[in-house]
Amino acid sequence: MQHRQIGASDIRIAPIMLGGNVFGWTADEPTSFAVLDAFVAAGFNAIDTADVYSLWVPGHKGGESETVLGNWMAARKNRSRVVLATKVGMLPIGSKPGLSAAQITEAAEASLRRLKSDYIDIYFAHRDHEDTPLEETLEAFAGLVRAGKVRMIGASNYSAPRLSEALKTASTRAIPRYEILQPLYNLYDRTVFEDELAELCLREKVGVVPYYGLAAGYLTGKYRSQDDAAKSPRGAGIVKKYLNPRGERILAALDAVAARLSASPAQVALAWLMAQPAVTAPIASASAPSQVEDLAAAATLKLDAAATALLAEASAP
């Protein structure tokens with residue numbers, strides 16, 4: 001499986017990144033281990049998580065996903081073969097979340113303990129906090145890089161103007177810059193990324209690993225009615241956002257392409273993302289080992305011109 005280099009770094013990742021938001025939530029630890037084993041056995045190497053996963057679950061405090069991943073890497077003794085990304089900025093440190101120097105330093109140490117690791121491959125600012133100067137945030141990240149605790153830094157949920165400003169700030173101060181962006185981007189959610197961010201990332205050679213590559217599972221085709229959505233913890237959000245005429249057109253196009261190419265809608269949706277010029281690797285979650293088969297098939301699926309045109313027309317914002 002061909003691996004893709006992120007910017008000018010020495011980090012290379014397979015064309016799909018595994019989302020760790022389900023670990024310790026909809027996938028318990030034994031199931032998570034099975035998913036992770038299947039993922040690396042299929043030739044993939046990159047996993048994304050965050051310190052805030054899964055704070056939203058009653059009784060959880062955040063860090064559950066990182067803990068599962070740390071236990072898995074310790075059990076499998078495979079840390080050096082995994083490209084591990086985690087995020088900071090949404091789990092409250094003290095009374096509130098944020099990207100102050102103190103919060104980043106404290107959060108990084110907590111993540112490293114849970115991950116049972118001496119370093120984080122890619123450390124993301126989970127979302128922009130405009131009340132903290134970019135200089136302070138970037139200098140804090142730079143300190144972690146100098147200490148060998150972080151290999152690369154990235155930004156998640158940054159607007160094009162703020163990402164551009166962050167890149168200029170890092171260049172001016174001669175410190176590590178955001179080498180990779182994690183935006184919301186999929187066949188349904190196209191506007192924000194395509195309007196300005198895609199061009200900026202291509203021009204500045206910033207890698208892109210979109211989250212919600214399958215639109216919270218909607219693009220798999222398993223949520224076609226309110227009754228379908230009611231069976232999922234994400235159901236309310238799916239009904240509100242995706243169950244509409246445009247969403248139905250996208251599913252119809254995915255069904256048509258999938259039938260012609262002997263693939264699944266999920267495979268087609270991910271293949272479409274991987275074919276976008278700015279995208280390094282989409283992030284997709286799996287809550288059962290069998291779902292990893294879809295990811296592996298998507299990584300080798302090539303869409304022809306007719307498929308690409310049909311999907312573009314159906315998903316046009």
Candidates 105, 137, filtered to the one that is in a helix (DSSP H, G or I), of a type in the set (Val, Ile, Thr), crowded, with 22+ Cβ neighbours inside 10 Å and more than 19 Å from the chain's Cα centre (by Cα)
137
Within region 140-147, does at least one residue satisfy the condition of being within 29 Å of residue 284 (Cβ to Cβ), in contact with a Phe, Trp or Tyr (Cβ under 9 Å, 6 or more places away or on another chain), buried (at least 17 other Cβ atoms within 10 Å of the Cβ) and not β-branched (Val, Ile, Thr)?
yes
Considering only region 186-217, state which residues are aliphatic (A, V, I, L, M), under 28 Å from residue 140 (Cβ atoms) and in a loop (DSSP other than H, G, I, E, B).
206, 209
Regarding residue 84, is this residue under 24 Å from residue 177 (Cβ atoms) and among the aliphatic types (A, V, I, L, M)?
yes
From the set of residues in region 40-59 that are out of contact with any helix residue (DSSP H, G or I) (no Cβ under 6 Å at 6 or more places or on another chain), of a type outside the set (Gly, Ala, Ser) and under 13 Å from residue 22 (Cα atoms), which is surrounded by the fewest Cβ atoms within 10 Å (Cβ to Cβ)?
56
Selected residue [touching a residue at least 60 places away in the same chain (Cβ under 8 Å), under 22 Å from the mean Cα position of the chain (by Cα) and part of a helix (DSSP H, G or I)] from 276, 267, 291
291
Can you confirm whether residue 121 is at pLDDT below 95, of a type in the set (Asp, Glu) and closer than 28 Å to residue 200 by Cβ?
no
Filter pass, residue 190 being touching a Ser or Thr at 6+ places or on another chain (Cβ under 9 Å), more than 16 Å from residue 277 (Cα to Cα) and surrounded by 16 or more Cβ atoms within 10 Å (Cβ to Cβ):
no
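Residue-wise test of (1) among the hydroxyl-bearing types (Ser, Thr, Tyr); (2) under 25 Å from residue 4 (Cα atoms); (3) surrounded by 20 or more Cβ atoms within 10 Å (Cβ to Cβ).
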{"site": "75", "(1), (2), (3)": "no, no, no"}
{"site": "79", "(1), (2), (3)": "no, yes, no"}
{"site": "89", "(1), (2), (3)": "no, no, yes"}
{"site": "129", "(1), (2), (3)": "no, no, no"}
Looking at region 211-236, which of its residues are of a type in the set (Gly, Ala, Ser) and either within 22 Å of residue 192 (Cα to Cα) or without any contact (Cβ under 8 Å) to a residue 40 or more places away in the chain (or both)?
213, 215, 216, 217, 225, 229, 230, 232, 235, 236
Give the number of residues within region 38-58 that are among the aliphatic types (A, V, I, L, M), closer than 22 Å to residue 268 by Cβ and either modelled with pLDDT under 95 or in a loop (DSSP other than H, G, I, E, B) (or both).
1
Just checking, how many residues over region 166-185 are part of a helix (DSSP H, G or I) and crowded, with 17+ Cβ neighbours inside 10 Å?
4
Would you mind stating whether residue 284 is within 22 Å of residue 15 (Cβ to Cβ), without any contact (Cβ under 8 Å) to a residue 40 or more places away in the chain and out of contact with any Phe, Trp or Tyr (no Cβ under 8 Å at 6 or more places or on another chain)?
no
Residue under question is residue 308, and the condition is that it be under 24 Å from residue 199 (Cα atoms), in a helix (DSSP H, G or I) and polar (S, T, N, Q); does it hold?
yes
Whichever residue in region 233-264 is small (Gly, Ala, Ser) and farther than 25 Å from residue 287 by Cβ and, among such residues, is surrounded by the fewest Cβ atoms within 10 Å (Cβ to Cβ):
259
Please pick out the residue among 37, 121 that is surrounded by 20 or more Cβ atoms within 10 Å (Cβ to Cβ) and of a type in the set (Asp, Glu).
121
Cross-chain or 6+ apart pairs with Cβ under 6 Å, region 153-172 first and closer than 21 Å to residue 51 by Cβ, then crowded, with 18+ Cβ neighbours inside 10 Å and among the β-branched types (Val, Ile, Thr)
154/122; 154/180
Residue list for region 14-37, filter: farther than 22 Å from residue 210 by Cα and in a helix (DSSP H, G or I):
29, 30, 31, 33, 34, 37
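The values are calculated or read from the model by the stated rules, or taken from the named source; none is laboratory data. Everything numeric here is computed off the predicted structure, so don't read it as measured data. When we count neighbours, we look across all protein chains shown, and the Cβ atoms used for this are built from the backbone with ideal geometry, even at glycine.
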